[in-house]
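Step one of this worksheet: look at the structure below.
Each reported figure results from applying straightforward, stated rules to the coordinates on display, with no laboratory input. Note that the coordinates shown come from a computational prediction; the quantities given were computed from them, not determined experimentally. We place every Cβ from the backbone using ideal geometry, glycine too, and count neighbours over all the protein chains shown.
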Amino acid sequence: MRRKEVALRKINGAKARNIMELFIKPYGIILVIACLIGNLASVALLISGHVLLVAVVTLLVMALIITLTVFSKIRAIMHTNPADVIKSE
């Protein structure tokens, strides 16, 4: 469903920035929630002198993985031909 929406937006002149905004906001919320859960779990499991370091590393690793995944999906969608997407649906 999102592919058709992106295709229609591209046909109507949407820029890459506009298309990215469609995906960044909802996935940003997911990122924040996932990082909070991950940090809480790491703090609960690793009660030592380096808890803050573990929490920061956990946050950075999760943010990197989620960001790379989301941007690779967005890039794949942005480089599809809108006419092909509309024809197939």
How tilted is helix 51-78 with respect to the longest principal axis of the chain? Cα atoms for both, answer in degrees (0 to 90, nearest 10).
10 degrees
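Determine the sum of side-chain charges near Tyr27: Lys and Arg each +1, Asp and Glu each -1, restricted to other residues whose C-beta is under 13 angstrom from that of Tyr27. Don't skip to the answer; put the middle values down first.
Numbers: positive: Arg2, Lys25, Lys73; negative: Glu21.
Summing Lys and Arg as +1 and Asp and Glu as -1 gives +2.
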Dipole in debye (nearest 20) - the chain, about Cα centre, beta carbon charges: Lys, Arg +1; Asp, Glu -1
400 debye
Normalised Cα Rg of the chain, dividing by 2.2 N^0.38 Å with N its residue count, works out at 1.48
Residue exposure sequence - Arg75, Arg17 - by fewest surrounding Cβ within 10 Å
Arg17, Arg75
When only C-alpha pairs under 8 Å and at least 6 residues apart count, what is the relative contact order of the chain, in percent?
48 percent
How far is helix 16-45 tilted, in degrees, relative to the longest principal axis of the Cα atoms in the chain, given as a value from 0 to 90 rounded to the nearest 10?
20 degrees
Rounded to the nearest 10 degrees, what's the angle between the helix 2-11 long axis and the longest principal axis of the chain, both from Cα atoms, 0 to 90?
50 degrees
